[in-house]
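The values are calculated or read from the model by the stated rules, or taken from the named source; none is laboratory data. All values reported here derive from a predicted model rather than from experimental measurement. Positions of Cβ are backbone-derived with ideal geometry, glycine not excepted, and every protein chain shown enters the neighbour counts. Surface areas here come from the heavy atoms of the whole protein model, side chains and all, with no ligands, DNA or RNA. Shrake-Rupley method; radii C 1.70, N 1.55, O 1.52, S 1.80 Å.
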Amino acid sequence: MRIRASVAVVTGALALTALAVPAAQAAEGPGAASVARSVVADSVKTPTDETHGDTAISNVVVNGGKDVVLGTTTKKTFTVSFTAKDNSGIKWAQAILWHGPDFEHLDGGAVADSSDGRAACTKVNATTSTCKSTFTVKADVDLIDSLAGGWKVWAIAQGTDGNYVQKDNVKGFRLQRLSKLTVNASPEPVKKGKTITVTGALTRASWNTGKYTGYVGQPVKLQFKKKGASAYTTVKTINTTTGGALKTTVKASVDGTYRYAFAGTTTTPAVNATGDYVDVQ
């Protein structure tokens, strides 16, 4: 019996090219030790998910259900947890992360930090175990900008009776480029009825250059919170221009705080600027 394990991986880090791993013997209890430890050309095409027997994987959670967000030099450690079940009990399990248009055209991947790449599984009862893998990503070493966005979790679990389940995509999650947003309202103070100019900039981490670069053509809300109020209201929405720049005008009416608010995209998280208070006289 053979378990198919063709997946893009490198030990403990994200690959910047497509990778592949040879198939392993289920009867021999294939482990992460058999996983390829170096970058290989994109030459392996994989079939669909495989199941033999009653083994099942469920309740997959990545990073506590939150997006994985990295700046230019961020080192991020996060977990992937899941439940594995087999009527004979669970012998071992493993999770691998991958990125690409589909499993046949991978352009990045990662195996867990453990020495053999396997998940740490804790027995809940005779049939069920909770399993967890820890992954560490270094933005300035492991990532390029094209890897931002949707990622998926490949997972496998084997029962003590040799049954197994292998899934190419048991969970999706997002790996994102950290965003920053600024605001400046002027003049301060301002006479009532006069024009206030509100500027700012939306930038995000570039893993290619190690710098923050402007996020162009993105809708950003200008919001205002009247003095004494507890919440902001949206005044208008404008788009970022060259360098992520923002600029608009409003009429001064009452004292309060202005900020810009960005809703986020698949590759870039939402962010609010720290408000700038304006005294209207």
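Determine if the stretch 130-149 includes at least one residue that is crowded, with 19+ Cβ neighbours inside 10 Å, in contact with a helix residue (DSSP H, G or I) (Cβ under 6 Å, 6 or more places away or on another chain) and in contact (Cβ under 8 Å) with a residue 40 or more places away in the chain.
No.
Condition (residue is among the hydroxyl-bearing types (Ser, Thr, Tyr), assigned to a loop (DSSP other than H, G, I, E, B), in contact with a Lys or Arg (Cβ under 8 Å, 6 or more places away or on another chain) and over 15 Å from residue 197 (Cα atoms)) applied to the stretch 246-256: is it met by at least one residue?
No, the conditions are met nowhere in the stretch 246-256.
What single numbered condition from (1) touching a Phe, Trp or Tyr at 6+ places or on another chain (Cβ under 6 Å); (2) more than 29 Å from residue 180 (Cβ to Cβ) fails to hold for residue 124?
Just one mismatch for residue 124, condition (1).
Please indicate, with yes or no, whether at least one residue in the stretch 175-195 is touching a helix residue (DSSP H, G or I) at 6+ places or on another chain (Cβ under 8 Å) and over 30 Å from residue 61 (Cα atoms).
Looking for residues that are touching a helix residue (DSSP H, G or I) at 6+ places or on another chain (Cβ under 8 Å) and over 30 Å from residue 61 (Cα atoms), one finds none in the stretch 175-195, hence no.
With (1) at pLDDT 95 or above; (2) at negative phi; (3) not in a strand (DSSP E or B) as the list, and residue 243 as the residue in question, which single condition is left unmet?
(2)
Which residue, of 275, 228, 193, is over 30 Å from residue 151 (Cα atoms), open to solvent by less than 60 Å² (accessible area, probe 1.4 Å) and more than 30 Å from the chain's Cα centre (by Cα)?
Values: 275 fails: more than 30 Å from the chain's Cα centre (by Cα); 228 fails: open to solvent by less than 60 Å² (accessible area, probe 1.4 Å).
Going through 275, 228, 193 in turn, the sole match is 193.
Which residue, of 258, 215, is more than 21 Å from the chain's Cα centre (by Cα), of a type in the set (Ser, Thr, Tyr) and either open to solvent by less than 70 Å² (accessible area, probe 1.4 Å) or at pLDDT 95 or above (or both)? Spell out the reasoning first.
Numbers: 215 fails: more than 21 Å from the chain's Cα centre (by Cα).
Matching residue, one of 258, 215: 258.
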